[in-house]
Amino acid sequence: MMRKAKLQKKTRETQIEVSVDLDGTGTSDSKTGVKFLDHMLDSFATHSLIDLRVRAEGDLQHHLVEDVALALGEALSTALSDRAGITRFGQAIIPMDDALALVSIDLVRRPYSSIQLGLERVMVEDAPREDLEHFFVSLATSLGSTVHVRMLDGKNDHHKFEAAVKGVAVAFRKAATPDPRRAKKIPSSKGAM
């Protein structure tokens, strides 16, 4: 089964192209105009082992960050198809120098997010803190999944956010991994996601 998706979204505010291959090797080619976001998308691809390509242009940085997250979540959801045969749950505790992130994901098709990053600066590199915090909310919503992120420790905001991104990547990889004991069954006692 090919677990790939490609989408294009165009609004008055942004133009976004995203392609994903869930069974890739972690290659990334991201150009959004926001250097820190590109760095984080590269990190996400590397640690999820998803091949990822993103092209984004827009009027305001807030719209770019939000719409990239929404498009990425939608592409990941499309690539997961009906989500039959996947592990469904994934967790990760990721250190990055002073930062320690705890992430848990359920690919159940019930969008919910609880994000506590503990960011303190107004800007993290060239991205506003509020845009970065909103990135995970938008991703969880369009992915149609439950995502919890907790920063357990850390002083450096760059390290905190990057640890969270790596945590989401690793937790997603675990949750999206095919479970050979499930074959093509839906991973739910309800029989539906």
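Normalising by residue count, segment 60-172 has a Cα convex hull of 80 Å³ per residue. Could you tally the net charge around residue 35, taking each other residue with its Cβ under 9 Å from the Cβ of residue 35, Lys/Arg +1 and Asp/Glu -1? Local charge sum for residue 35: -3.
What ranking of 160, 155 emerges when the number of other C-beta atoms within 10 Å of each C-beta is taken as an exposure proxy, fewest first?
Working: 160 26, 155 11.
Listed from fewest to most nearby Cβ atoms, that is 155, 160.
Built from the Cα atoms of the chain, the convex hull projects on average onto 10.0 nm², one quarter of its surface area.
The ranking of 36, 135, 172, 89 from fewest to most other beta carbons within 10 Å of each one's beta carbon is 89, 36, 135, 172. Residue-wise HN-Hα couplings along segment 81-88, as the Karplus relation 6.51 cos²θ - 1.76 cosθ + 1.60 with θ = phi - 60° gives them from phi, are 6, 7, 6, 5, x, 8, 5, 5 Hz; Gly and Pro carry x. Summarising the label geometry, the points placed 7 Å from Cα in the beta-carbon direction at residue 7 and residue 130 lie 2.6 nm from one another. According to the square roots a ≥ b ≥ c of the eigenvalues of the Cα gyration tensor, what is the shape class of segment 11-94, taking rounded for a/c under 1.5, prolate for a/b larger than b/c otherwise, and oblate for the remainder? Prolate is the answer for segment 11-94, as a/c is 1.5 or above and a/b outweighs b/c.
My understanding is that a pair violates if its Cα-Cα distance is over 27 Å; which of 6/185; 6/31; 4/160; 6/190 do that in this structure?
On the way: 6/185 25 Å; 6/31 16 Å; 4/160 30 Å; 6/190 30 Å.
Listed pairs above 27 Å: 4/160; 6/190.
By counting other Cβ atoms within 10 Å of each Cβ, how are 120, 66 ranked from fewest to most?
Working: 120 12, 66 20.
Least to most surrounded, the residues fall as 120, 66.
Rounded to the nearest 20 debye, the dipole size of segment 109-193 about its Cα centre is 940 debye, using +1 on the Cβ of Lys and Arg and -1 on the Cβ of Asp and Glu.
Computed from the coordinates by the stated procedures, all read-outs in this text should not be read as laboratory data. This one's a predicted model, so the numbers in the text were calculated from it and none came from an experiment. Glycine also receives a Cβ, built like all others from the backbone with ideal geometry; neighbour counts cover every protein chain displayed.
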